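Below is one structure, written out as structure tokens; comments come after it.
The values are calculated or read from the model by the stated rules, or taken from the named source; none is laboratory data. Not measured: the values here are computed from a predicted model. Cβ atoms come from the backbone with ideal geometry, glycine included; neighbour counts cover every protein chain shown. For the accessible areas, the whole protein counts, side chains as well, though only heavy atoms, and no ligand, DNA or RNA atoms are used. Shrake-Rupley method; radii C 1.70, N 1.55, O 1.52, S 1.80 Å.
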Amino acid sequence: MILEILKYPDPRLEKISEDVKVFDKALHRFLDSMAETMYSADGIGLAAPQVNKLQRMFVIDIGSQDENHNRIYEFINPVLSKGQGKVVYEEGCLSVPGIAEEVTRKETITVEYKDRDGKNQKMEAVDLLAVAIQHENDHLDGVLFVDRLSPLKRRFVKRKLSKVVTL
Ligand code: QAP
Ligand code: CO
């Protein structure tokens, strides 16, 4: 099922999500719908709060830019640690359509999380996958990539978005 994606500046995108507690068939169906929604919108990542579910989970498929292309990653109750280095990527977001700006993130991170069966997992990620995990994890804390831009750039983005709406 394709879900509706909330768009910036929807205040629901600023809420803090809660841990997933039940790992059942309904969760699996919801994760499948998140992936379907992400693919149909041509995205490479989608977090549950973007589809109005305030629970700590996201899906990522960085596609051809990764050797594990078309691998769908599901992260539930993720905890990020051990960030190293710095990397700059031009980021976009399905909740901020039409905007792309450079954001500085950690180049490598370690993430501990649960899979869809509630089993503990751990992964070390670099480059685009690490950036995507940091971007999606921000959504769980109500943070958008535009919040990580300089105040000047954020103003520019807001102006551009208000123009798009008026057109
Ligand atoms: C987050 O972003 C991300 O403006 C996922 O018109 C960004 O899927 C992870 C998209 C950068 C790693 C690096 C954006 C699609 C999709 C748009 C997305 C648009 C259509 C963004
Ligand atoms: Co996003």
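Quick rundown of the values:
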item: Residues of segment 1-44 that turn out to be hydroxyl-bearing (Ser, Thr, Tyr), open to solvent by less than 100 Å² (accessible area, probe 1.4 Å) and within 16 Å of Glu136 (Cα to Cα), as a count; result: 3
item: Hey, Ala100 within 16 Å of ligand 1 (Cβ to nearest atom), over 24 Å from Lys15 (Cβ atoms) and touching a strand residue (DSSP E or B) at 6+ places or on another chain (Cβ under 6 Å) or not; result: yes
item: Condition check for Glu112: within 13 Å of ligand 1 (Cβ to nearest atom), part of a strand (DSSP E or B) and on the phi < 0 side of the Ramachandran plot; result: no
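Conditions tested, residue by residue: (1) within 15 Å of ligand 2 (Cβ to nearest atom); (2) at pLDDT 95 or above; (3) under 21 Å from Gly63 (Cα atoms); (4) exposed (fewer than 14 other Cβ atoms within 10 Å of the Cβ).
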site: Cys93; (1), (2), (3), (4): yes, yes, yes, no
site: Ala100; (1), (2), (3), (4): yes, yes, yes, yes
site: Lys114; (1), (2), (3), (4): no, yes, no, no
site: Val131; (1), (2), (3), (4): yes, yes, yes, no
site: Leu140; (1), (2), (3), (4): yes, yes, no, no
site: Val146; (1), (2), (3), (4): yes, yes, no, no
site: Ser150; (1), (2), (3), (4): no, no, no, yes
